[in-house]
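Let me begin by presenting the structure, written as structure tokens, before commenting on it.
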Amino acid sequence: MEMLVTGLVVFLAAHSVRIFADNWRTHMREMLGDNVFKAAYAVVSLVGLGLIIWGFGMAREQPVQLWSPPVGMRHAASLLTLVSFVFLAATYVPGNAIKARLGHPMVLGVKVWALAHLLANGTLAHVALFGSFLIWSVLCFRAARQRDRAEGVSRPAGNGRATALTVVVGVLAWAVFAFGLHGWLIGVKPMG
């Protein structure tokens, strides 16, 4: 469990700089240059992610069950992760109305993903992992929206074609992950 917590601290600390130390981040980017700053950020993020994966795998070997979620929560989790994948697609498909309306769909996707997994899993490792990401995403979304308001950010309205493409891409990505990759990468087949 210590490895998981260490990974979460490293990964989420790196991803929380804009939440808690945006001025420091700006100063460091100016001082180091964009490429060096991004490289350092990537290295710290990858180290944190590696520790999370390793630590979560170790914690799953000796699970500490906090509660047993009802079976229906698995169905809710599947639906919520579908929404999460649509939000993720909205981050990358240009001109879609979802991004235009919500502003930061990737962070919302993380929020929905974390909530889905908390609803369907009751071990200490799951609560630590997904609870941490849920708290981070709430704080990150709030900080991003505050920055948008302070900077007067406005986004052009999305169009229907790009929005439909976003939904199709999100649903297809969810299906590939839910019916195949999740079992292969995570060792749990949510749809099997």
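Taken together, the values in this text are just the output of simple stated rules run on the coordinates, not laboratory data. Predicted model, so just to flag it, every value in this text is computed and none were measured. Cβ: placed from backbone, ideal geometry, glycine included. Neighbour counts: every protein chain shown.
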| note | As straight-line cross-link partners of K38, the qualifying aspartates and glutamates (C-alpha separation under 20 Å, not fewer than 8 residues apart within one chain) are D22, E30
| field | Cα-projected label distance for A76 with L46, points at 7 Å along beta-carbon direction, nm | value | 3.8
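Using a 10 Å cut-off on Cβ atoms, rank the peptides 60-66, 89-95, 115-121 from the highest mean neighbour count down. Present the calculation step by step, with values, prior to reporting the outcome.
Numbers: 60-66: 11.6, 89-95: 18.1, 115-121: 21.4.
Final packing ranking: 115-121, 89-95, 60-66.
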| request: Could you tell me the convex hull volume per residue, in Å³, taken over the Cα atoms of the chain? | output: 132
| field | GNM top mover of T166, T81, T26 - the chain, alpha-carbon springs below 10 Å | value | T26
| request: Under a 10 Å cutoff between Cα atoms, tell me which one of S154, S84, S137 has the largest fluctuation in the Gaussian network model of the chain. | output: S154
| Roughly speaking, what is the centre-to-centre gap between the stretch 41-63 and the stretch 130-192 when only Cα atoms are used, to the nearest Å? | 21
| message | What aspartates and glutamates does K99 reach when the alpha-carbon gap must be under 20 Å and sequence neighbours fewer than 8 apart in one chain are set aside? | response | D148, E151
| note | CD proxy, 222 nm, the chain: helix-only mean residue ellipticity via -39,500 (n - 2.57) per DSSP H run with n ≥ 4, per residue, nearest 500, stands at -25500 deg cm²/dmol
| Inverse mean reciprocal Cα-Cα distance (Kirkwood Rh) of the stretch 92-192, Å | 15.4
